[in-house]
Amino acid sequence: MHSARQALELGLFMPNCSNMSSISTYRVVADEWPFETNRQIAQAAEAVGFDLLFPVSRWRGFGGETDYLGTSLETLTWASALLAQTTRIRIFSTVHVPLFHPVVVAKMGATLDHLSGGRWGINLVSGWSAEEFAMMGMELLPHAERYQRTAAFIEILRGLWTAPPGTFDHVSPWYRVENGVSLPQPPRPPPIANAGTSEDAKAMTAQLCDWAFISTPSIDAAAPIVADIRARAAACGRQVRSAAFPFVLWRDSADEAEAEIARIVAHKDTVAAQNWLDGLNLGSGSFDSFTLDMLTVGAGAVHVTGTARDVAEKLAALHAGGIDAVLMVFQAYHADTLRFAREVMPLLREMGVIAPGASAPAR
Ligand SMILES: Cc1cc2nc3c(=O)[nH]c(=O)nc-3n(C[C@H](O)[C@H](O)[C@H](O)COP(=O)(O)O)c2cc1C
């Protein structure tokens, strides 16, 4: 199956927000959200041969002892700086559809595409945190309408990026664009991802997006989600790639890895974790099958833990189930990126999951 498919792409769900790796007060390194640390992580990821970086879009924290994700770097400006300090790795911005006008984002995207030689992409989020929106005097739309609006947003992005200048018009309940123009246009339209796993999200993603960024409660549960999105896309004559976000932690023995997970859970920030779970499930129940403890470790990431070989086998299983890219959450991003290159990538290469040349020698 692997030979018929593209290799698994490796990437990071970056710590551009505080406490990114877990909703817990337990930590093994200083919080990695500062830009200088993000720069080091991005450059390390590029050096070891990772393909992709995705950030999180947040506007306020989730309370509790950690004020989980409460300090964050905005992701369009963040991507601009990181793209300028890297040469090969692809970097996405995560953009809240209701908070930006699509004509503005089309120009920002064209600028990022232009300055990076085509390495930028956009990960759209339709929004779910009522508190974030209330801070801007805005209300969340009903669930289905969120994705109708996101579809209109994408139509405008693509129209401005591809239609002959001045010929693009759009009218919908949310936007009105007359004689739309945005120059320069990117030579190729940047890739568009959508993050979300509900029925509404899957339907919209299949019709319009290049990437589905999904959550899955288990490795086994990923395959049917991906198959569903693929089938819906095929029905529209399209192909959509799927990315998942695993929390990846490995030690010399599986018991040691388990003990570390237990420490993260033992220091759970219960208030923040409950706020996070309650908020997420207000939409569609996409995160219904996550327990609070599961959610604590990686905040909705699928757990990929054990020894280095266990981790390689679990990532291989995600790939075999149809996942095209993993945006990994690490406990200590910088150190673990380098350690992953030394200890896990050779196994993935041996298994034929990543391309033979997919890693520069690890430092
Ligand atoms: C992998 C993944 C990443 C996400 N990243 C963000 C994010 O950075 N910011 C945000 O506000 N929402 C984020 N979301 C939330 C989704 O955009 C969406 O609002 C949420 O999943 C609820 O929608 P749904 O019911 O359609 O799944 C993410 C969701 C997933 C599955």
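The values are calculated or read from the model by the stated rules, or taken from the named source; none is laboratory data. Since this is a predicted model, take the numbers as computed values, not measurements. Because the Cβ atoms are built from the backbone with ideal geometry, glycine has one as well, and the counts that use them run over all protein chains shown.
Among the residues in region 275-287, are any modelled with pLDDT of 90 or more, surrounded by fewer than 21 Cβ atoms within 10 Å (Cβ to Cβ) and touching a strand residue (DSSP E or B) at 6+ places or on another chain (Cβ under 9 Å)? No, because not a single residue in region 275-287 is modelled with pLDDT of 90 or more, surrounded by fewer than 21 Cβ atoms within 10 Å (Cβ to Cβ) and touching a strand residue (DSSP E or B) at 6+ places or on another chain (Cβ under 9 Å). Kindly list the number of the only condition in (1) surrounded by fewer than 17 Cβ atoms within 10 Å (Cβ to Cβ); (2) aliphatic (A, V, I, L, M); (3) more than 30 Å from residue 278 (Cα to Cα) that fails for residue 83. Result: residue 83 fails condition (1) only.
Of note, residue 137 does not satisfy the criterion of being over 18 Å from the mean Cα position of the chain (by Cα), without any contact (Cβ under 8 Å) to a residue 24 or more places away in the chain and closer than 22 Å to residue 44 by Cα.
Take residue 177 and decide whether it is at pLDDT 95 or above, within 16 Å of the ligand (Cβ to nearest atom) and either crowded, with 20+ Cβ neighbours inside 10 Å or within 22 Å of residue 212 (Cβ to Cβ) (or both). No; evaluated as a whole, the condition is false for this residue. For residue 200, the requirement of being more than 10 Å from the ligand (Cβ to nearest atom), in contact with a helix residue (DSSP H, G or I) (Cβ under 9 Å, 6 or more places away or on another chain), acidic (Asp, Glu) and touching a residue at least 24 places away in the same chain (Cβ under 8 Å) is not met.
Has region 99-119 got any residue that is out of contact with any His (no Cβ under 7 Å at 6 or more places or on another chain), under 19 Å from residue 279 (Cβ atoms) and modelled with pLDDT of 95 or more? Scanning region 99-119 turns up at least one residue that is out of contact with any His (no Cβ under 7 Å at 6 or more places or on another chain), under 19 Å from residue 279 (Cβ atoms) and modelled with pLDDT of 95 or more. Within the bounds of region 83-94, is there any residue that is more than 25 Å from residue 196 (Cα to Cα) and aliphatic (A, V, I, L, M)? Looking through region 83-94, at least one residue is more than 25 Å from residue 196 (Cα to Cα) and aliphatic (A, V, I, L, M). Within region 203-224, the set of residues being within 13 Å of the ligand (Cβ to nearest atom) and either touching a Pro at 6+ places or on another chain (Cβ under 9 Å) or hydroxyl-bearing (Ser, Thr, Tyr) (or both) comprises 205, 209, 211, 215, 216. The residues of region 19-42 that are crowded, with 19+ Cβ neighbours inside 10 Å and in a loop (DSSP other than H, G, I, E, B), listed by number, are 19, 20, 21, 23, 32, 33. Across region 298-332, the number of residues qualifying as in contact with a Lys or Arg (Cβ under 9 Å, 6 or more places away or on another chain) and modelled with pLDDT under 95 comes to 0.
Filtered by the rule that a residue be free of Cβ contacts under 8 Å to residues at least 40 places away in the same chain, within 16 Å of the ligand (Cβ to nearest atom), more than 27 Å from residue 10 (Cβ to Cβ) and not hydrophobic (A, V, I, L, M, F, W, C), region 228-284 gives 278, 281.
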